[in-house]
Amino acid sequence: MSRKGFTPRRTAPGRAMTDEALGARLRKITPAVLRGESRGWSYFDGPSGTQMIEPAIAATAELSRTGLANRSNPSPAGDETEYVVASARAELQAMFHADAYDVAFGQNMTSLAFALGHAFARRWPRDGGTVVVTVLEHSGNVDTWAQPFAERGVRTATIDVDDRTLDLEAGGYDRVDTGGGVALVAVTAAANSVGVKPDVASAHDFARAHDALFVVDGVHATPHGPLDLADADPDVYLCSAYKFYGPHVGIALIKRDLLDELRPFKVVPAPDSGPDKLETGTQNHEAIAGLSAAVCALGGLAGRPSGEGARDVLHALGEVDEEVARGLAEDLRSLAGVRVFGHEDDKTTYAPTIAFTVDGIPPDEVGVALRRHGVFVTTGDFYATRLARRLGVDASGGWVRVGLSGYTSREDVDRLLGSLSRVVGDRAARA
Ligand SMILES: Cc1ncc(COP(=O)(O)O)c(C=O)c1O
């Protein structure tokens, strides 16, 4: 197996040792990964959900232990719940440089997006127009807007990708039929399938030029580098804490002035103002406590236990992982019959997430075979259904996807490569 292009993890020239230490420190506080290590397991399924870090687990348990309450309860537990929600919102505002945004929690990204989609469609002033998405999207950033707007006769236009780089095609936005107006532009900050990080700024400029709402799906990007919202200027940024070492909580950051005028569907007695009006029913307060703890513990890895610290740590981890992924993509490509999608262009940036196929072995069989080696990957279309169709892998079971997370070690990467080369070799020997 060729080792050409393989960059030893966290020891790349010029890379600060602190980055190496960050990944190792993160690993040390991730119990499931340590348990896996003792069994010879390697987790490459971070894109479908990272393992939770100990402080997040502890905080979730701690709130449950000390007492749970609804927000308005006149009790110590009620006060604690108020504090948990307010501090989680504040840390997230710091993490995303989002002073102009309110933070709403929900079951997951998809539920929040549907709630927003219905509220946005409701205020669209006419029948007709266009919602613009890209072919890179997870369905959670397409159907959630397209379906509510379709009720108002709004069509959906999809920006295509370049065949080789899988980045958004040049001039794609210029070719959109904007007759009837553009209602909403949605783009992912990183594709959860092939890793591409498209140019969010071009989507922003198109949205602003057409007075459209601008939504960024940050679910896959956040664990590798949270967007700076003061800079990217979306109306809405969505993400999910279970993708960045926390519990299952969806997060929506919404521009405050937009939220003020929004009328989401909600039960009548629920608050009419602030992020609470989007949060249907009682929230998962214990998980929100875990989310806050995850953010602070991430920042704490670099001595700054705060949203601002978490932001820097995730960026630092993402940078290293992206470099390792560049070498890994080359190594995967050198295996007979392995076809890697994207990751072969210096000008395009990719999250450390690689989708590939193996000639003659369906993705789910590759996944099961790797599992026998203690290597856990994910297979399928990952709800990136339009891209799977566009690239012709939908009928053959999609892709095999490997995702690097901050806690991925060099040994994990070596185990993946060794195991996959055996899986591919076994197949060749049988053929
Ligand atoms: C890029 C992207 N967007 C949206 C989602 C949906 O997130 P959730 O599971 O929080 O609804 C996912 C989940 O995998 C994703 O990867």
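Taken together, the values in this text are just the output of simple stated rules run on the coordinates, not laboratory data. Treat the numbers as computed from the prediction; the structure is a model and nothing was measured. Cβ: placed from backbone, ideal geometry, glycine included. Neighbour counts: every protein chain shown.
So here's what we get for this one:
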| quantity | calculated |
| --- | --- |
| Using alpha carbons only: equivalent-ellipsoid semi-axes of the stretch 223-280, gyration tensor based, whole Å | 24, 17, 6 |
| Karplus-derived 3J(HN,Hα), 6.51/-1.76/1.60, for each residue of the stretch 349-354, Hz, glycine and proline x | 9, 10, 5, x, 9, 10 |
| Residue order, fewest to most beta carbons within 10 Å, for Arg311, Arg35 | Arg35, Arg311 |
| Percentage relative contact order, the stretch 315-431, counting C-alpha pairs under 8 Å, at least six apart | 28 percent |
| Given charges at beta-carbon only (K, R positive; D, E negative), |dipole| of the stretch 58-298 in Debye | 560 debye |
| Amide proton proximity set for Phe214, modelled H, under 5 Å, gap of 5+ | Val185, Asp235, Val236 |
| Within straight-line cross-link reach of Lys243, lysines at Cα separation under 28 Å, skipping those fewer than 8 residues along the same chain | Lys28, Lys197, Lys255, Lys266, Lys277, Lys347 |
| Three principal axis lengths of the stretch 277-431 [C-alpha, angstrom, descending] | 56, 36, 35 |
| Cα centroid separation, the stretch 105-165 to the stretch 401-431 (Å) | 36 Å |
| Equivalent-ellipsoid semi-axes of the stretch 58-298, from the Cα gyration tensor, Å, largest first | 32, 21, 13 |
| Unit Cα scatterers, Debye sum, the chain: log10 I(q)/I(0) for q = 0.10 Å⁻¹ | -0.70 |
| DSSP-defined beta bridges in the chain - what % are antiparallel, rounded to 5 | 55 percent |
| Percentage relative contact order, the stretch 58-298, counting C-alpha pairs under 8 Å, at least six apart | 26 percent |
| For the stretch 241-358: span of alpha carbons on each principal axis (Å, largest first) | 62, 36, 26 |
| Helix-only mean residue ellipticity at 222 nm for the chain, each DSSP H run of n ≥ 4 adding -39500 (n - 2.57), per residue, nearest 500 | -13000 deg cm²/dmol |
| Phi to ³J(HN,Hα) by Karplus 6.51 cos²θ - 1.76 cosθ + 1.60 over the stretch 327-344, Hz, x for Gly, Pro | x, 4, 4, 5, 5, 5, 4, 7, 7, 4, x, 8, 10, 8, 9, x, 6, 9 |
| Packing rank of 209-220, 122-133, 290-301, where each peptide gets the mean count of other beta carbons within 10 Å, highest leading | 290-301, 209-220, 122-133 |
| Beta bridges by DSSP in the stretch 58-298, antiparallel share as percent, to the nearest 5 | 45 percent |
| Contact order relative to length of the chain, as percent, for alpha carbon pairs under 8 angstrom and 6 or more apart | 24 percent |
| Computed lengthening from Asp231 to Ala336, 0.36 nm per intervening residue step minus Cα-Cα distance | 33.5 nm |
| For a label point 7 Å along the Cα-to-beta-carbon line of Ala395, residues of the stretch 136-180 with backbone N under 14 Å | none |
| For the stretch 148-290, share of DSSP beta bridges that run antiparallel, in % to the nearest 5 | 45 percent |
| Residue exposure sequence - Tyr83, Tyr350 - by fewest surrounding Cβ within 10 Å | Tyr83, Tyr350 |
